[in-house]
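The structure under discussion appears below in the form of structure tokens.
The values are calculated or read from the model by the stated rules, or taken from the named source; none is laboratory data. A quick note: this is a predicted structure, and the numbers were derived from the prediction, not measured. Note that we place each Cβ from the backbone using ideal geometry, even for glycine, and neighbour counts take in every protein chain shown. Heads up: the accessible areas ignore ligands, DNA and RNA and are worked out on the full protein's heavy atoms, side chains in. Shrake-Rupley method; radii C 1.70, N 1.55, O 1.52, S 1.80 Å.
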Amino acid sequence: RPPVRGAEAQGAAMALTGLLEQAVIDETRRRQGETYSPVASLDGALDGPDDIALFVEITPEARRLDAVTAAVLQAARRLTDAPPEDEALEQVRRPLLSEVEDLRRSNAYWADVLATRADWAADAGELDRLGRVLGALTPEDVHNLARTWLTQSPILVLARPAGTAGASR
């Protein structure tokens, strides 16, 4: 996806990532009874010059690969069909707010800011803005981004062991 501009869209992207991970966990563990540990994450800086990717990584058994792939796609569809519940959004919001606070206290973060940015004073304001945005994020904000991002055709990267060409093996 193209870079995300503005704190509001960036906060929604962060929340969408957490909600997608929770939806995949719900679909694979609770509905299919599997014990996978999926990870959803953003690849690339949200406001950087390069495109970013929202991806899900999960490692099922080869014979379950097609079913798990379908579960991931179903989880994404659920996020595009309706806004997340307030409780689901709150479950991902709390850790995100903690991460913002951890950055504020991290020497490594501030060392990076000083080393890479000319206007380091603005970065303190950016953390404050991001915290406010995350706190004010609504289910509709996330749903709007989900409809934009998750309705596009995904790029599927499936790795099967040699000799297992399909779901029947």
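The number of residues in region 40-81 that are touching an Asp or Glu at 6+ places or on another chain (Cβ under 8 Å) and hydroxyl-bearing (Ser, Thr, Tyr) comes to 1.
Within region 44-62, one or more residues are among the aromatic types (Phe, Trp, Tyr) and under 27 Å from GLY135 (Cβ atoms).
Just one of the listed residues (LEU54, LEU65, LEU73) is open to solvent by less than 60 Å² (accessible area, probe 1.4 Å), within 27 Å of GLU126 (Cβ to Cβ) and in contact (Cβ under 8 Å) with a residue 12 or more places away in the chain, and it is LEU54. Taking the residues in region 99-115 that are open to solvent by less than 60 Å² (accessible area, probe 1.4 Å) and small (Gly, Ala, Ser) as candidates, determine which candidate is nearest to the chain's Cα centre (by Cα). Among those that are open to solvent by less than 60 Å² (accessible area, probe 1.4 Å) and small (Gly, Ala, Ser), it is SER106. Taking the criterion of being open to solvent by 90 Å² or more (accessible area, probe 1.4 Å) and either modelled with pLDDT of 90 or more or part of a helix (DSSP H, G or I) (or both), the residues of region 117-150 that qualify are TRP120, ARG129, ARG132, GLU140, ARG147. Against the definition (in contact (Cβ under 8 Å) with a residue 24 or more places away in the chain, open to solvent by less than 60 Å² (accessible area, probe 1.4 Å), among the hydroxyl-bearing types (Ser, Thr, Tyr) and out of contact with any strand residue (DSSP E or B) (no Cβ under 7 Å at 6 or more places or on another chain)), how does THR17 come out, yes or no? Against the criterion (in contact (Cβ under 8 Å) with a residue 24 or more places away in the chain, open to solvent by less than 60 Å² (accessible area, probe 1.4 Å), among the hydroxyl-bearing types (Ser, Thr, Tyr) and out of contact with any strand residue (DSSP E or B) (no Cβ under 7 Å at 6 or more places or on another chain)), THR17 does not qualify.
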